[in-house]
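Chemist: Please see the structure below; I have some questions.
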Amino acid sequence: THSTAVKSGGEGPEAKSSEMGTYWLPWHIDSQFVTLLTCDEYFYEKDGSPAPPPDERDATGLVAMNQAGDVASVAAVLDEGTMLLQMGGFAQIYTGGVLTACRHAVLRKGAQPGKTRATYCNFWYAPWDLVCTTPPGVGESEAVNYGWNALMDSSYVGISMRQSFSAFRKFFVPIPVADELHPAAPSFEALSRLLPAPLERAPLTIDILTDIRCPYSHIALQRLSSAIDLCGGKAEVRHHPVMLDPSVPREGEDLLRYLERDHGHSPAYVESDSYPLRELFRSEGLEFSTKRRVVNTRKAFGAVEVARYKAGCATAAKVFDELGRRYFDSESPGDISSSELLLKVLSDCGVQASDEELETFSDLSLSSHEALEAEVGAVPLLLMRRSDTGEGVLIQGMRSVGAYSKAIDRALVAPVPRSNHAGSSYLLQPPGSMALGLKGAPVRVPHVRPSALVSLHAAARRGYFAEAWPYPAAAFSRLDETEDEVMYAQPRLVSHIDEAASQALEGVYRCLLSTKAEGSEPLALLDLCSSWTSHYPMELEAAQGARIAVEGLNALELEANSLATERRVANLNKDPSLPYKEGSFDFVTMALSVDYLVDPKAVLAQAHRVLRPGGCLVIAFSNRCFDSKAVSVWLEHIDEGAALASLVCDFVHFAAPDGWLAIQSLDVTPDGHGDPMWVVTAVKKF
């Protein structure tokens, strides 16, 4: 790849590429033969109309690297309208290194709110069954890249183009793509996973991660309290332990000695009027005293946790504030590592506890600290989240009252969607994605991977479907055309997906079921192609009056389904009709079976008929199946989750072309290397 060298302060590709800055998409090599790329185009997020590119063209978009490690910005050296041809790893291996694969990345600086960037790629693959081998007489060492960021290693030699594509996708899809607008997005999402969901008692929940003995946090939290008052008290506060040093001995240490040893501040400097902390406290009408000792706050946080456990978050916040007040008292600093003082503060706040309870909860607070500290660069760290959506803002370090007030106001104002087609707002987003439940009620499903191809598929279609059913009859042929009852004659009381994928599906059901309106009739669910488990949450067992009808091919499996209130043995491939009245069920579900239907349109048309207006169809699927019974069109696309999602979306749409309010696709595959889990949902018009 020809490029213009970039000045480097070090040796090797790592050093040469590091000066480019922050990467939106990290360095990689494509797996296919050839990639055709154009320069980036920009659009306004609100309506999709074209937007002008940034002035600094070399600060954005594609950057490429040659074999010497020289890096160049493609946009800076190509004229507008130029197309870039780059070789992939398959081409390099197949030609024995005559063609060289191009390492490349995507760079972005200074993302502008309201604008989005599009990169157009055209990937050229060889026939799926072509095997990637080196030419005769050429060794792997001559054809394969080794060393830094090679990616296309020897594991690609001897596999087919299809296998190469699949392996590359497995590598590429999980790559963390930076949020160009919100650098704090990864921390916000990680902390949202670690901390309990926002409280519903107030519009805003503020989680505070800091140490009680941090002087900057002491001032910051007083300012935050003033900001909450200015905003009408519409926030509830929760404290979480992130200790400055949990290894401080129980007896503590003299503050002056500690500051000199750990921070290099001499006693004379600390005692002077110009000492920054003394000036800071003075600006707040307080006195910075050096009489107190540096203490281990593990037990103090134990007291906060006792208060939260016994009396709730509001009382725990009072205990935290009182401990901070006593510790920073300039006349008589309190020893907040003392059980006597801690029990007295708890009692004054209406909580009775024992020293044994303090010890137990102090161990829990240390565990919390260990789980949180990796996500906290500096204290205080404030996670402000809306109680209705979980969206919010993240603030690190001490701020003014005005800055805190502005952040609270920003989080409380109704979020404005970033575009007409995307539901996310300019607030930071919690884990997962929004899904539509009963009557289209939105609910956040934390298990969803929002940037996965399956999750994007249905939204990216923007309602587009072919004018007519696009599949020939042969698409639903099977390797084994014998009666299904023969294969399913013996009960299979086993799991067809691993535990993590099963739990993810159960979590999806739990979220969607939660959209049942309070005071409405008991839930009615129909599970098609069911078995000994429906993957429903077990709390349905205690749901008053819930109706759970299950249908499947084996009576013994259905009998083992402990949640079922009705059971029916049926072969939907023989007769897709359902014996239920129109509008009988809130939910119709089908897990891991849509790939076996020889007439999915007819079966799902029946599902639509028996759904109540506003009811939900939920189809879960994976790439795990009995090949002999799966239909041919499914096996043809088995390597690609997005392609399978496209099939299921088609099946649902054509079952009732004008009958759905919305069709969504969700990737809820758990982290790790387990079974994939994908879901397509649809809400019946009402």
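The values are calculated or read from the model by the stated rules, or taken from the named source; none is laboratory data. Note that the structure is predicted; figures quoted are calculated from it, not measured. Neighbour counts run over all protein chains shown; Cβ positions are idealised from the backbone, glycine included. For the accessible areas, the whole protein counts, side chains as well, though only heavy atoms, and no ligand, DNA or RNA atoms are used. Shrake-Rupley method; radii C 1.70, N 1.55, O 1.52, S 1.80 Å.
Chemist: Which one, Tyr536, Ala662, Leu36, projects farthest toward the positive side of the charge dipole computed for the chain from Cβ point charges (K/R +1, D/E -1)?
Modeler: With unit charges placed on the Cβ atoms, the residue in question is Ala662.
Chemist: For region 527-601, what does the alpha-carbon gyration tensor say about shape, rounded, prolate or oblate, given a ≥ b ≥ c as the root eigenvalues, a/c under 1.5 as rounded, and a/b over b/c as prolate?
Modeler: Prolate is the answer for region 527-601, as a/c is 1.5 or above and a/b outweighs b/c.
Chemist: Another question, then. Points 7 angstrom from Cα along the Cβ direction at Phe465 and Ser451: gap in nanometres?
Modeler: Placing both labels 7 Å along Cα→Cβ, they lie 3.1 nm apart.
Chemist: Probe radius 1.4 Å, ligands and nucleic acids ignored: give me the carbon and sulfur share of the accessible area of region 550-686 as a rounded percent.
Modeler: 51 percent
Chemist: At a 1.4 Å probe radius, carbon and sulfur cover how many percent of the accessible area of region 210-262?
Modeler: 47 percent
Chemist: Work from the charge dipole of region 291-339 (Cβ charges, +1 for Lys and Arg, -1 for Asp and Glu, about the Cα centre) and give the residue of Thr315, Phe301, Phe328 farthest towards its positive end.
Modeler: Value: Phe301.
Chemist: For region 235-355, with every protein chain kept in place, what is the accessible area per residue (1.4 Å probe, Å²)? Don't skip to the answer; put the middle values down first.
Modeler: Values: 5660 Å² over 121 residues.
Normalised by residue count, the accessible surface of region 235-355 is 47 Å².
Chemist: I've got another one for you. Any idea what the alpha-carbon Rg over 2.2 N^0.38 Å comes to for the chain?
Modeler: Here the Cα radius of gyration is 1.14 times the empirical estimate.
Chemist: Using a 7 Å offset from the Cα along the Cα-to-Cβ direction at both Ala517 and Ser166, what is the distance between the two label points in nm, to one decimal?
Modeler: 4.7 nm
Chemist: OK, next. So what does log10 I(q)/I(0) come out to for region 354-506 at q = 0.16 Å⁻¹, using the Debye formula with one equal point on every Cα and no solvent?
Modeler: Per q value, in the given order, log10 I(q)/I(0) is -1.20.
Chemist: Could you work out the percent of alpha carbon pairs in region 602-686 separated by over 21 Å, rounded to a whole number?
Modeler: Details: 1201 of 3570 pairs.
Every Cα pair in region 602-686 considered, those over 21 Å come to 34 percent.
Chemist: With +1 on each Lys and Arg Cβ and -1 on each Asp and Glu Cβ, how big is the dipole of the chain about its Cα centre, in debye rounded to the nearest 20?
Modeler: Details: 61 positive and 88 negative charges, 310 e Å.
Charge dipole of the chain: 1480 debye, to the nearest 20.
Chemist: I would also like to ask the following. Can you pull the percent of region 29-99's accessible area that's carbon plus sulfur, 1.4 Å probe, other chains left in place?
Modeler: The computed percentage sits at 54.
Chemist: So in the chain, what percent of DSSP beta bridges are antiparallel if you round to the nearest 5?
Modeler: If I count the DSSP bridges inside the chain, around 70 percent turn out antiparallel.
Chemist: Per residue, how much accessible surface does region 536-686 expose to a 1.4 Å probe? Answer in Å², no decimals.
Modeler: The answer is 37 Å² per residue.
Chemist: For helix 161-172, report the angle its Cα long axis makes with the longest principal axis of the Cα atoms of the chain; keep it between 0 and 90° and round to the nearest 10°.
Modeler: Computed tilt is about 20 degrees.
Chemist: Let me ask something else about it. So how much slack lies between Met487 and Ala414, counting 0.36 nm per residue of separation and subtracting their Cα-Cα distance, in nm? Don't skip to the answer; put the middle values down first.
Modeler: Working: separation 73, 0.36 × 73 = 26.28 nm, distance 5.44 nm.
20.8 nm is the gain from fully extending Met487 to Ala414.
Chemist: Can you give the angle from 0 to 90° between the axis of helix 313-327 and the longest principal axis of the chain, with both taken from C-alpha atoms, to the nearest 10?
Modeler: Approximately 40 degrees, to the nearest 10.
Chemist: Quick one: if the Förster radius is 35 Å, what FRET efficiency do Ala403 and Phe123 give, using the C-beta to C-beta distance and rounding to 0.05? If you can, show how the numbers build up before the last one.
Modeler: Details: r = 46 Å, r/R0 = 1.33.
Using R0 = 35 Å, I get an efficiency of 0.15.
Chemist: Same structure, new question: With every protein chain left in place, what is the accessible area per residue of region 358-458 in square angstrom, probe 1.4 Å?
Modeler: That works out to 43 Å² per residue.
Chemist: I've got another one for you. Given the alpha-carbon gyration tensor of region 72-111, what are the semi-axes of its equivalent ellipsoid in whole angstrom, ordered largest first, with each equal to the square root of 5 times an eigenvalue?
Modeler: Ellipsoid semi-axes (Å, largest first): 26, 13, 7.
Chemist: Any chance you could give the angle, 0 to 90 degrees and rounded to 10, that helix 185-194 forms with the longest Cα principal axis of the chain?
Modeler: 80 degrees
Chemist: Each label point is 7 Å from the Cα along the Cα-to-Cβ direction; what then is the distance between the points at Ala314 and Ala602, in nm?
Modeler: For Ala314 paired with Ala602, the spin-label model returns 6.1 nm.
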